[in-house]
Structures are given as structure tokens and as C-alpha cells.
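Chemist: If you scroll down you'll find the structure; I have some questions about it.
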Amino acid sequence: MARQIQMAAQFPPVSLLPPASDAAGRTGSFRTLKNAEKAWVVVRINQGNAATVQISLLQAKDVSGTGSKAINAVPVWLQNATATSDQNVPQSNAASFTTDATTADKVVLFEIVSEVALDMANGYKSIAVQTGASNAANITEATLFIYGSYQQANPPSSYTN
């Protein structure tokens, strides 16, 4: 019997940072978590150069980035070499993560519960990913998966406040 879970409806992927070189670092678009029960930010790093890559999560009051600042510490996991392992290794809770300098394809996963990660008392409800300066051979991308409080075929958009 099929399980009644549909990724597109229950965990719709939202692009936070399209794949690109991180020579200078960059900040992705802000997306709202106003209807999220829980969310996960999955960052993939194709580390082609032995230069570390810093990944930080930011929070803001809206999708335009008003009052941007670091999120509170959240659970973080790492797959340090996807060619040889798919194990998510727990890291220290944090608002950011810096890879080691080994060249490999890596995945960093942040788990977000809005009430813990965001300054909701002061109106913070949106998040974005920011990477630090690294090397042109290091390619990063980030995807947000939202488990929403509205379980329907067309959930509210994360692009609008």
C-alpha cells in the first residue's frame, strides 16, 4: 500500500541559492517561514579547491531582508564526502558552518524550528543563506524544504510576506 506522502505538497523545495562559484561569497534571496511547522536548509558544496567555505543562515523581518541578522543556533549535520558516504554526521548546533579544506562534494543540513531559530518576538520570519569568500573552484547551492502548516496541493508561497 502506498504511503500518503507527497514531497511537492508536504516538503516543497524552494531555491535559496542557485549553483554558482563562491569566490567572493554571496547572499541568497530571503524566503518567509510564516507558515512553516519546520524547515530544512540543504546546502551542497562541490569543493574543487582546498579553501574552506563558510555557510551562514540569516533571518529578516520580511522577504526583502529588513533588519537582517544571524539566526539562533540550530541543529546541523554534515556529509563530508558524498562520493563515499551518505551518513549525516551531527555537528554542534550553530547559526553557521565552515567546511574543512578537503576537496570533495559535501552536504550541510540545517534544521529550523521557527520559534527556536528566529527572533519571532521582534517580527523575524524570513531566512536566507550567505556564503563567505572562498575560491572560484568551490561551487555552492542551497535549497529550502518547508513542512508547512497548510497541507494542500498549492501551499502559500514563501516568496511573499
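The values are calculated or read from the model by the stated rules, or taken from the named source; none is laboratory data. Remember, it's a predicted structure, so these values are computed and weren't measured experimentally. When we count neighbours, we look across all protein chains shown, and the Cβ atoms used for this are built from the backbone with ideal geometry, even at glycine. Side chains are part of the model used for accessible areas, which takes the heavy atoms of the whole protein and leaves out ligands, DNA and RNA. Shrake-Rupley method; radii C 1.70, N 1.55, O 1.52, S 1.80 Å.
Chemist: Only residues that are closer than 18 Å to residue 22 by Cβ and either of a type in the set (Phe, Trp, Tyr) or assigned to a strand (DSSP E or B) (or both): list them for region 80-105, please.
Modeler: Across region 80-105, the qualifying residues are 96, 97, 98, 104, 105.
Chemist: A further question follows. For residue 95, work out the one condition from (1) of a type in the set (A, V, I, L, M, F, W, C); (2) modelled with pLDDT under 95; (3) open to solvent by less than 30 Å² (accessible area, probe 1.4 Å) it doesn't fulfil.
Modeler: All conditions pass for residue 95, except number (2).
Chemist: Which residue pairs have Cβ atoms under 7 Å apart, sit 6 or more places apart or on different chains, and have a first residue in region 1-15 that is at pLDDT 80 or above and a second that is in a loop (DSSP other than H, G, I, E, B) and surrounded by 10 or more Cβ atoms within 10 Å (Cβ to Cβ)?
Modeler: These pairs meet every condition: 12/155; 14/158.
Chemist: Which of the residues that make up region 106-126 are open to solvent by 60 Å² or more (accessible area, probe 1.4 Å), within 18 Å of residue 40 (Cβ to Cβ) and not in a loop (DSSP other than H, G, I, E, B)?
Modeler: Hits for region 106-126 are 115, 116.
Residues are listed down the side, and each one gets a yes or a no for (1) surrounded by fewer than 16 Cβ atoms within 10 Å (Cβ to Cβ); (2) over 13 Å from the mean Cα position of the chain (by Cα); (3) in a loop (DSSP other than H, G, I, E, B):
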position	(1), (2), (3)
9	yes, yes, no
18	yes, no, no
42	no, no, no
58	no, no, no
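Chemist: I've got another one for you. Is it fair to say residue 67 is out of contact with any Cys (no Cβ under 9 Å at 6 or more places or on another chain), over 26 Å from residue 135 (Cα atoms) and not acidic (Asp, Glu)?
Modeler: In short, yes.
Chemist: Among the numbered criteria (1) surrounded by fewer than 19 Cβ atoms within 10 Å (Cβ to Cβ); (2) among the polar types (S, T, N, Q); (3) closer than 22 Å to residue 14 by Cβ; (4) touching a residue at least 40 places away in the same chain (Cβ under 8 Å), which one does residue 66 miss?
Modeler: So the condition that residue 66 fails would be (4).
Chemist: Search region 85-102 for residues that are over 14 Å from residue 134 (Cβ atoms) and pair each with any residue that is of a type in the set (S, T, N, Q) and surrounded by 11 or more Cβ atoms within 10 Å (Cβ to Cβ) when their beta-carbon atoms are under 8 Å apart and the residues are at least 6 apart or on different chains.
Modeler: The qualifying pairs are 85/79; 86/79; 87/79; 88/79; 89/79; 89/80; 95/56; 95/72.
Chemist: A follow-up question, please. Of the residues in region 20-40, how many are open to solvent by less than 30 Å² (accessible area, probe 1.4 Å) and either among the hydrophobic types (A, V, I, L, M, F, W, C) or assigned to a strand (DSSP E or B) (or both)?
Modeler: Result for region 20-40: 6.
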